[in-house]
Every structure is written in C-alpha cells, then in structure tokens.
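Here's the structure, in structure tokens; my notes come after.
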Amino acid sequence: MKPGEAWQTRLWGVCLVNLATLCWASNAVLGRWLRNDVGPLTLTALRFTAATAFFGFLLRGRPQEEWRYGRDRRWLLGMGLAGVVCFSPLLYLGLRHSTAVNCSLIQGFSPLITALIAGLIIQEPVTRREMAGAVLGLVGIVGLISGGSLRFLIHLHFNVGDLILLSAAVMWAFYSVFGRRVMRYRSPVSATALSSFLGLPILIAAALFEYRHIPLNLRPETIAAILHICIVPTIIGYWCWNRAVQALGAGGAMVFYNTLPLYGVLMAAIFLQESLGMGHIVFGGLILAGGLWATLGRGARP
C-alpha cells in the first residue's frame, strides 16, 4: 500500500471508530435509563435480532465465500460469544448496579486490555506510540470524570457492578481481537453477520428464561429507546467498529474507545443542558490526542 493510501485508510478508520463510539455513548445512557423496564438479556436479544436480520440482508448478493464460516469458524464463534452473548448483557447488568461514572472509568482500561490480548492471541505488535496513546487517553478519562479533583478519586467506591463492567470491558477486548483476525480474510459485514448468527440462538434462549423473572414493561418511551438501541448503537455502531478494526488494527481502534465518556459528556451538555466547563475541554482533548498520537503516527498493518 502506498504511503498516501495508507494515511487515507487510517484517517477513514479514525472517522469510523469515532462514529461507533458516538453511537455507543447513547447506548450506555439508554441502557441505564431502561434498567427498570427490560432485562439485560432481553434487551440484548432484541437488539441483535435486529442486527442479525440487517447484516444478513446485506450479505445477499455477496460472493458465496462471505456466507461460509470456513477456516474462520472458531474465530467467528469467539466473536459471537464475546461480543454478542457476553458483552452487552454484562454491560446492561453492570449498569443496574453501578454508576455511569464508574462505568466510564472502567471502560478507560479497555485499550490497554485489548493491546495485551492482541499481542498474546494474534501476535499483533503493540507499539510504544499505542501504549503511550492509551495511557494518555486513560489520563483524560480520569480527569474528565473526576473534574481534576483528587478528592473525588480517593473517595470513589467500587461495587459488584464495577466487577461486572470490568468483565464486559474484557469481553469487548476479546471481540475486537477476534474480529481483527477474522477480517484479515473477510469483510466487516460478513464478520458481523456470521458472528451474530452464532450468538443469537444462545441469547434468545437466555432471554426467554429471563423474561419469566423480569417482564418487559412496554411504554411508548421504552419502545422508542429500544428501537434506537437496535438501530444506532447496534447496526451502525457495530459496522463502523468492525470496519475501523480492519483499517486500524485492534489496538489502534481500541485507543479511540476512550472517546465514549467524552461523547457522553457532550450529549449531556447538548440534550440535557448540563454544564460544560474548561476541564471537559482539556481532558477531552487529551483523550482525542492520545488516539490520534497512537493511530495516525504509525505505519499500516496487514
């Protein structure tokens, strides 16, 4: 790949990964808001039923190789188990017991976790720039959530929900790494669709069991929120993320996962009229700078 083409590919990947995290910022907010109306497994089953149908439709007309699991079967199963069956239920379950502040801090560790797992499983090298960018982004996360207050961090309490959210972060790291391996040989649409096909039956069975204990409370607001989650974070977000992982690598894409709380703050300021101070701008800038430093400054990956 020519240097100019490689730079354009990385820039395109940066745009896509930021669009994905922007979509997911709304997922965390709505997931917390829906905690009393729908169970975590039921909500996950609903969103991935929509996603599976959509990505299955996109596969129509594509080459037969895109439909076949082939040598990627185990990696696709790993994607389905980690990203479809485990990640979202753990995220929604954690949000039932923890706070959005703790959730954002824990998500800040995801780039570091992903970089380590990528090096161990698929031998994807972790550059110093990527490590430095991940650490810089984590500093921005801590500063953004704490407002620069050391007292806030000292008195921050963790509970069982935080452990669940940490497990969700690990599952997302595995999903990204498995996806990077799969998309060496197939398109993001194929990877997302086939991994969703494998994970959806497990989700539906678990959701039917959960429904007996946590019934679905359908209100107009609930329906609208569920539809948003099915379309924006799930269909748009997952496609953008997997395409970005293909362009940037698992470690390069995960650096920008730290933009989730940044976009959450911006959404709160725009839609909820919450205050937006200089600290948000400074620490938010650190998050973006860390991602750009790690991703745009390195060479293209195969």
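Here the spin labels are modelled as points 7 Å beyond Cα on the Cα-Cβ line, and at Asn36 and Ile121 they lie 3.8 nm apart. Centroid-to-centroid, using Cα positions, the range 166-243 and the range 39-84 are 8 Å apart.
If you take every residue apart from Pro188 with its C-beta less than 15 Å away from the C-beta of Pro188, what net charge results, scoring Lys and Arg +1 and Asp and Glu -1? With Lys, Arg at +1 and Asp, Glu at -1, the net is +3.
At 0.36 nm per residue, minus the direct Cα-Cα distance, what do Val232 and Arg212 gain on full extension? Give it in nm, one decimal, please.
Numbers: separation 20, 0.36 × 20 = 7.20 nm, distance 2.80 nm.
In short, 4.4 nm is gained.
Multiplying the residue separation of Gln8 and Tyr69 by 0.36 nm and subtracting their alpha-carbon distance yields 18.9 nm. Amide H to amide H, with H built 1.01 Å from N, Ser98 comes under 5 Å of no residue 5 or more places away or on another chain.
No value in this document is a laboratory result; all are computed from the given coordinates. Given the structure is predicted, the values throughout are model-derived calculations rather than measurements. Quick reminder, even Gly has a Cβ in these numbers, built from the backbone with ideal geometry, and neighbours come from all protein chains shown.
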